[in-house]
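A.B. asks: Sharing a structure, written as structure tokens. Questions coming.
The values are calculated or read from the model by the stated rules, or taken from the named source; none is laboratory data. Given the structure is predicted, the values throughout are model-derived calculations rather than measurements. A quick note on method: Cβ atoms are made from the backbone with ideal geometry, for glycine too, and the neighbour counts reach across all protein chains shown.
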Amino acid sequence: MEDRMEKSLLNSLSKELEIPEKKIVNEGINGYLERELRNASADILEIKRQFNAASPAELKKKIEEGKVKEHPAWEQMIYWENLNKKIKVVEDWIQRAHISG
């Protein structure tokens, strides 16, 4: 039922704005991906500033050398690594979306 409601909403929006449904969907996906990329990049920048580290590896070294406290640095390092993975996935999807759009 929810799927039907979403299609009806998309159809109504398309008709009222006189914009093809595909264009609304493609622009929505692109906007979402770009927002995810900005948010992940902003989070990474904050971690870099917080620990004065250029990479997760550098942060790990600082933790191991005792230059920064293990908590919360360890969790932030793992989060940073996950953000890097997310950015790669999002960038890949942005490329695919532009090819198909």
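A.B. asks: With the structure loaded, tell me whether Arg49 is within 30 Å of Glu6 (Cα to Cα) and within 21 Å of the chain's Cα centre (by Cα) or whether it fails that test. Please lay out each step first, then the result.
C.D. replies: Numbers: within 30 Å of Glu6 (Cα to Cα): no; within 21 Å of the chain's Cα centre (by Cα): yes.
Criteria not met by Arg49.
A.B. asks: Report every pair of residues separated by at least 6 positions or lying on different chains whose Cβ atoms are under 8 Å apart, first residue within the stretch 1-26 and in contact (Cβ under 8 Å) with a residue 40 or more places away in the chain, second exposed (fewer than 12 other Cβ atoms within 10 Å of the Cβ) and of a type in the set (Gly, Ala, Ser).
C.D. replies: Taking only residues 6 or more apart or on different chains, the pairs are Asn26/Ser100.
A.B. asks: A further question on this structure: Between Glu18, Glu58, Glu91, Glu27, which is at positive phi and among the charged types (D, E, K, R)?
C.D. replies: Glu18
A.B. asks: Then there's this: Within the stretch 16-40, which residues are surrounded by 13 or more Cβ atoms within 10 Å (Cβ to Cβ) and not acidic (Asp, Glu)?
C.D. replies: Result: Ile24, Val25, Asn26, Ile29, Asn30, Tyr32, Leu33, Leu37, Asn39, Ala40.
A.B. asks: Could you pull out the residue among Asp43, Asp92 that is within 17 Å of the chain's Cα centre (by Cα) and surrounded by fewer than 15 Cβ atoms within 10 Å (Cβ to Cβ)?
C.D. replies: Sole residue among the options that is within 17 Å of the chain's Cα centre (by Cα) and surrounded by fewer than 15 Cβ atoms within 10 Å (Cβ to Cβ): Asp92.
A.B. asks: Which of the residues that make up the stretch 1-45 are among the charged types (D, E, K, R), assigned to a helix (DSSP H, G or I) and modelled with pLDDT of 90 or more? Explain how you work it out, then say what you get.
C.D. replies: Here is the first cut: in the stretch 1-45, the residues among the charged types (D, E, K, R) are 2-4, 6-7, 15-16, 18, 21-23, 27, 34-36, 38, 43.
Subset that is assigned to a helix (DSSP H, G or I): 2-4, 6-7, 15-16, 21-23, 27, 34-36, 38, 43.
Correct list: Lys15, Glu16, Glu21, Lys22, Lys23, Glu27, Glu34, Arg35, Glu36, Arg38, Asp43.
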